[in-house]
Amino acid sequence: MDLHVLAERLRKLVDARPGRVIVGITGAPGAGKSTLAESLVAALVGPSWIGTWVAYVPMDGYHLADVELARIGLLDRKGAPETFDSLGYAALLRRLRADEDEVVYAPGFERELEQPIAGSLPVLRPARLIITEGNYLLHWPAVRAALDEVWFCEVAEQTRMARLVARHERFGKSHEDAVAWAYGSDQRNAEIVAATRDRADLIVRS
């Protein structure tokens, strides 16, 4: 779907509704959620969005830290729904919706460290459109309830898997470990996400 058509849809949502609009982009690992979200932000306001009418708040900042995943025995399932603070993420979305604060600090996620970073994404008062993205926006009821629309991003399966393997290699895994993770843990998560596809407001194919 054309990027400018999607950007225009976002503009119309903001124009049609009072208060802030929060739109989520979901899809399986490697489907292109982050790329689509960042492209939309750039099309609407440019890459330097802080302080503009658009803000970008990914779900990945709510990964549990590795030390906590190790404590609860889920380090080998990192990326699964139970390895996130989903209620914390939902609470952030509700706070953004309330629009009562001059600035709301959201956590980011540092790919080089593979760890969440607290307070790294400031959402300032002028933001009228919040774009968020992540795997489980349609899986967690409390998160879905906080969103105006959710778009489901999908891509050819061969392309998606190739992207995943390349991503894992880029951040330090051997080729063998990257393939094992992509076709193991990532694939189990992808099946959870796929089960939510019919709940989306819009399917975006790339």
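Any read-out appearing in this document is the output of simple, stated calculations on the displayed coordinates, not a laboratory observation. Bear in mind the structure is a predicted one, so any value in this text is a computation, not a measurement. Virtual Cβ from ideal backbone geometry, glycine too; neighbours counted across all protein chains shown.
Residues that are within 27 Å of Asp198 (Cβ to Cβ), touching an Asp or Glu at 6+ places or on another chain (Cβ under 8 Å) and hydroxyl-bearing (Ser, Thr, Tyr): does segment 143-162 have at least one?
Checked against the condition, which is being within 27 Å of Asp198 (Cβ to Cβ), touching an Asp or Glu at 6+ places or on another chain (Cβ under 8 Å) and hydroxyl-bearing (Ser, Thr, Tyr), segment 143-162 yields no hits at all.
Being assigned to a helix (DSSP H, G or I), out of contact with any Ser or Thr (no Cβ under 9 Å at 6 or more places or on another chain), surrounded by fewer than 18 Cβ atoms within 10 Å (Cβ to Cβ) and aliphatic (A, V, I, L, M), is that true of even one residue in segment 64-84?
yes
Being within 23 Å of Ala190 (Cβ to Cβ) and of a type in the set (S, T, N, Q) is the filter here, so list the residues in segment 52-96 that pass it.
Within segment 52-96, Thr83, Ser86 qualify.
If Leu129 meets every condition in (1) touching a helix residue (DSSP H, G or I) at 6+ places or on another chain (Cβ under 6 Å); (2) aliphatic (A, V, I, L, M); (3) more than 21 Å from Val45 (Cβ to Cβ) apart from one, which number is that one?
For Leu129, the failing item is (3).
From the residues in segment 165-206 that are in contact (Cβ under 8 Å) with a residue 60 or more places away in the chain and of a type in the set (Ser, Thr, Tyr), which one is farthest from Tyr136 (Cα to Cα)?
That would be Ser206.
What number of residues within segment 42-58 satisfy the criterion of being in contact with a helix residue (DSSP H, G or I) (Cβ under 6 Å, 6 or more places away or on another chain) and either within 11 Å of Phe109 (Cβ to Cβ) or hydroxyl-bearing (Ser, Thr, Tyr) (or both)?
Result for segment 42-58: 2.
Hey, among the residues in segment 127-168 that are more than 16 Å from the chain's Cα centre (by Cα) and among the polar types (S, T, N, Q), which one's farthest from Pro107 (Cα to Cα)?
Gln158
Give me the residue from segment 130-154 that is out of contact with any Lys or Arg (no Cβ under 7 Å at 6 or more places or on another chain) and β-branched (Val, Ile, Thr) and, out of that set, surrounded by the fewest Cβ atoms within 10 Å (Cβ to Cβ).
Ranking the qualifying residues of segment 130-154, first place goes to Ile131.
Quick one: in segment 1-57, which of the residues that are among the charged types (D, E, K, R) and not in a loop (DSSP other than H, G, I, E, B) is surrounded by the most Cβ atoms within 10 Å (Cβ to Cβ)?
Lys33
Looking at (1) out of contact with any Phe, Trp or Tyr (no Cβ under 8 Å at 6 or more places or on another chain); (2) over 17 Å from Gly32 (Cα atoms), which is the one condition that is false for Gly119?
(1)
Keeping to segment 90-126, report how many residues are farther than 21 Å from Arg11 by Cα, more than 14 Å from the chain's Cα centre (by Cα) and either of a type in the set (A, V, I, L, M) or in a loop (DSSP other than H, G, I, E, B) (or both).
11
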